[in-house]
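The values are calculated or read from the model by the stated rules, or taken from the named source; none is laboratory data. Nothing here was measured: the structure is a model prediction, and the numbers come from that model. Cβ placement follows ideal geometry from the backbone for every residue including glycine, while neighbour counts extend to all protein chains displayed.
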Amino acid sequence: MRNSLFSHSQPSRWLFVAKPLAIAISASAFLAATSPAANAAHSPGDRDFNQRIYVGANVGLTRLKPRTAGTAFKVGDDSSSGGSLTLGYDLTKHFSVEGFFANLGQAEIARRADNVKAGDIDYKSWGASLIGYFYNSRRAGDYMRGFDDEGFYRREGLSAFARVGLSRLDTAGSVDFKQLNDTGIHLGAGLEYGWSNGIAARAELISYDEDSKLVSIGILKRFGQAKPYPAPAPIEPAPRVVPEKPPITPLPPAPEKPAQPVAPPTVLFEFDHYNLTGVARAILDSFVADMLQPDPRLRIRINGHTDSFGSESYNQKLSIRRAQSVRKYLENKGIASDRMEIRGFGETQPLNDNATPEKRALNRRVEFELLKD
C-alpha cells in the first residue's frame with residue numbers, strides 16, 4: 001500500500017516573517033502610487049508615459065516543503081534550484097504587469113523509518129502579477145531636463161517594488177501525494193536597477209504558495225526608448241518692422257549736455273545653453289571697445305542667471321558656466337583675468353516671473369557689476 005503525502009506544508013516560522021512583509025510592501029506600493037503626494041508633483045500633468053514591453057529571466061534558490069504530517073514520509077531535502085521567464089508591460093510610472101512561468105525544482109521525500117529516499121515532487125508555477133514601484137533613487141539633478149519622478153518614468157536607477165498576483169501551481173512526483181490547492185495568490189518584493197539602454201537587473205523574493213518560495217537574481221530588457229519630457233519650443237524672434245520715416249525738419253542746435261555714463265550691457269542665452277550667440281558676441285565686442293579698453297583700471301563682476309526650468313542644483317551649475325563663458329570670451333579679447341570675477345545665482349534672482357516663454361528668455365542672462373578699488 002502506498003502512503004499519501006500532502007503538497008502543502010504547515011506555516012513555518014520563515015513564512016510568518018516573509019508573508020506579512022510582502023503584504024506590507026505591497027500595501028506600501030499601492031499607497032505610494034495612489035497618494036496625492038506621489039501624483040502631485042513632479043512631472044507636469046500633461047506628460048505622457050511611454051508604455052514598453054519587456055522580457056526577463058532569473059535563477060535562484062527555492063525552498064519546497066510539502067506537508068508530511070501523519071504519513072510514513074518526511075521531507076529529506078527542501079532546498080533546490082529554480083528560475084523563471086517573464087513577459088511584462090509597463091502600464092504607468094508606478095505599475096507594470098507580468099506574465100511568468102517558473103520551474104521551482106524538486107523536493108526530496110524520504111521514508112521516516114530509515115531516512116531512505118523514496119522519491120521527489122516537482123514544482124512548476126505560472127500566472128500573472130501586478131508590479132508596484134514605490135521608490136526610485138533618481139532625482140531631477142541627475143538629468144539635463146528632468147523631475148524628481150524621472151526615474152519612475154524611465155525605469156532607471158535603483159527601484160524598490162512589490163508584486164501580487166494570481167498563479168497556478170502544478171506538481172508531479174514519483175511518490176503518491178495529493179495536491180490540496182492548485183490556484184492561489186502569490187506575493188513578492190525586490191530591488192531593480194535599470195540603465196538607459198533598457199537593461200535592468202533584479203533581486204527578488206517570491207512566495208508562490210505556503211510550501212514554495214524562490215529567492216532569485218535576474219536580468220530583463222525593455223524594448224523602445226523612454227521619452228524624456230520635451231523641452232519648451234524655442235522662441236521665434238519677432239519680425240523686425242521698420243516704420244516709415246517722416247520728413248526731417250531741421251531743428252535749431254541744442255545746447256551741449258554732459259555725456260551720460262555708459263551702462264554695462266546684458267547678455268542673453270538660449271534655453272539650456274551657455275555658449276554665446278552671435279548677438280551676444282557683438283554685444284561683448286561693444287562692451288570691450290566702449291568701456292573695458294578705454295579704462296584699464298575698471299574691474300567687473302560677471303553674474304550668471306537662469307530661468308526656473310529644471311532643478312535648483314542644475315540651474316546653479318548652469319549659471320556659473322554662463323558666467324565662465326563670458327569671462328573666457330573677454331580674456332580672448334585682451335581683458336586681463338584679474339580684472340574679472342564671476343558669480344552664479346541660478347534661478348534665485350529672476351527679472352520676470354517665468355510664467356511664459358518670453359519672460360523665461362529674459363531670465364537666461366549674464367549681467368555685469370562695476371567694481372570699485
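Rundown of residues vs (1) assigned to a strand (DSSP E or B); (2) modelled with pLDDT of 95 or more; (3) among the hydroxyl-bearing types (Ser, Thr, Tyr), yes/no style:
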{"residue": "LEU158", "(1), (2), (3)": "yes, yes, no"}
{"residue": "ALA162", "(1), (2), (3)": "yes, yes, no"}
{"residue": "SER196", "(1), (2), (3)": "no, no, yes"}
{"residue": "ILE219", "(1), (2), (3)": "yes, yes, no"}
{"residue": "ALA226", "(1), (2), (3)": "no, no, no"}
{"residue": "PRO232", "(1), (2), (3)": "no, no, no"}
{"residue": "GLU236", "(1), (2), (3)": "no, no, no"}
{"residue": "PRO247", "(1), (2), (3)": "no, no, no"}
Could you grab the pairs with beta carbons closer than 8 Å, sequence gap of 6+ or different chains, first residue in the stretch 111-122 and outside the structural domain of GLY173 (by TED's automatic domain parsing) and buried (at least 18 other Cβ atoms within 10 Å of the Cβ), second one of a type in the set (Phe, Trp, Tyr) and at pLDDT 90 or above?
none
Report, ordered by the first and then the second residue, all pairs with beta carbons closer than 8 Å, sequence separation of six or more or different chains, a first member in the stretch 289-311 that is touching a residue at least 40 places away in the same chain (Cβ under 8 Å), and a second member that is among the aromatic types (Phe, Trp, Tyr) and not in a loop (DSSP other than H, G, I, E, B).
ILE300/PHE368; ARG301/PHE368; ILE302/PHE368; ASN303/PHE368
Go through GLY105, GLY141, GLY83, GLY146 for me and flag whichever is under 26 Å from LEU191 (Cα atoms) and part of a helix (DSSP H, G or I).
GLY141
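In the stretch 57-80, what count of residues is obtained for those that are β-branched (Val, Ile, Thr) and not in a strand (DSSP E or B)?
Total meeting the criteria: 2.
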Residue hits (the stretch 77-110; crowded, with 22+ Cβ neighbours inside 10 Å and over 24 Å from GLY56 (Cβ atoms)) are ALA107, ILE109
Please go through (1) within 26 Å of ALA140 (Cα to Cα); (2) touching a strand residue (DSSP E or B) at 6+ places or on another chain (Cβ under 9 Å); (3) of a type outside the set (Ser, Thr, Tyr) for PHE309 and return the number of the only condition it doesn't satisfy.
(2)
For the stretch 334-358, name all the residues that are charged (D, E, K, R) and either assigned to a helix (DSSP H, G or I) or surrounded by 15 or more Cβ atoms within 10 Å (Cβ to Cβ) (or both).
ASP338, ARG339, GLU341, GLU347, GLU358
